[in-house]
1. Rank K50, K159 by accessible area, highest first, at a 1.4 Å probe radius?
2. In sequence order, what are the phi-derived ³J(HN,Hα) couplings for the range 78-93 according to the Karplus relation 6.51 cos²θ - 1.76 cosθ + 1.60 with θ = phi - 60°, rounded to whole Hz, with x for glycine and proline?
3. Tell me the accessible surface of F166 in square angstrom (1.4 angstrom probe, heavy atoms of protein chains only), to the nearest ten.
4. With 5 Å bins from zero, work out the P(r) of the chain over every alpha carbon pair and list the percent per bin.
5. Using amide H atoms built 1.01 Å from N in the peptide plane, name the residues 5+ places from I34, or on other chains, whose amide H lies under 5 Å from its own.
6. Using Cα pairs under 8 angstrom and six or more residues apart, how large is the relative contact order of the chain, in percent?
7. Heavy atoms only, probe 1.4 Å: what % of the accessible area of the range 1-125 goes to carbon and sulfur, would you let me know?
8. Bin all alpha-carbon pair distances of the range 121-214 at 10 Å intervals from 0 and give each bin's fraction as a whole percent.
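The values are calculated or read from the model by the stated rules, or taken from the named source; none is laboratory data. What you see is a predicted model, and the numbers here were worked out from it, not measured in a lab. Neighbour counts are summed over all protein chains in view; Cβ atoms, including those assigned to glycine, are modelled from backbone coordinates with ideal geometry. Heavy atoms of the whole protein, side chains included, go into the accessibility calculation; ligands, DNA and RNA do not. Shrake-Rupley method; radii C 1.70, N 1.55, O 1.52, S 1.80 Å.
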Amino acid sequence: MTGKINKTLIISTVLCLLPIILALILYDQLPEQIAVHFDQTGTPDNYLPKVLAVWGLPIALSLINLYTHFRLNNDPKRENASFILKLAAKWAVPLISLIVLPITYFMAIGAEIPIGAISSAVCGVFIVICGNYLPKCKRNYTVGIKLPWTLDSEEVWNKTHHFAGFVWVIGGIIFIANAFFHSAYVTVGLVILLVALPLIYSYLAYKSLHAAEK
């Protein structure tokens, strides 16, 4: 088990750092300021110095990856978490590094890439996958909707994750569809709803459960 964990950790960390090779190949072509964030229409709205974009971003992502693995591997209830959700959590950061960073470097040298559409579609697929497996996730401290009332009650945990799974699948599909429309309002609205609806539902379920017990 330990060997498998270490192997996954090593491979995922190497993948996080892999875009550095591409950045070094393109280094002389890259501008001194590189756009690292884009609005819904693909217009740059935040920049980093070239050195930080080339070295800092992959290293930062690799550190996030290490922290993610540490949390997942040291959860006392890690066996309760859905295998697919744990897998998604462990490989999310490496995939972000392999997809987003090369796109960032190519756009910096003038390539026209629909970053907004790609980001929306990728996020949508990820949300749909998570939503599909949330109902299968048992109570744990790392993966899932970890709120005081979901961690306190297994019944509330299960109800919340079944409800959230439905909401996230629908929201993810809308995210994917929004890749063709590039609406910032839809994106912001979806993010708020994906967070707020399960939170509100779980709290109401918790209050209802305690009211019934009285």
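1. Most to least solvent-accessible, the answer reads K159, K50.
2. So the Karplus estimates, Gly and Pro as x, are 4, 5, 7, 5, 4, 4, 5, 5, 5, 4, 4, 5, 6, 9, 4, 5 Hz.
3. 130
4. 1, 7, 13, 14, 16, 15, 14, 10, 6, 3, 1, 1, 0, 0, 0
5. Here L48, K50 satisfy the definition.
6. Reported as a whole number, the value is 21 percent.
7. Carbon and sulfur together cover 69 percent of it.
8. Bins of 10 Å from zero give 17, 44, 27, 10, 2, 0 percent of pairs.
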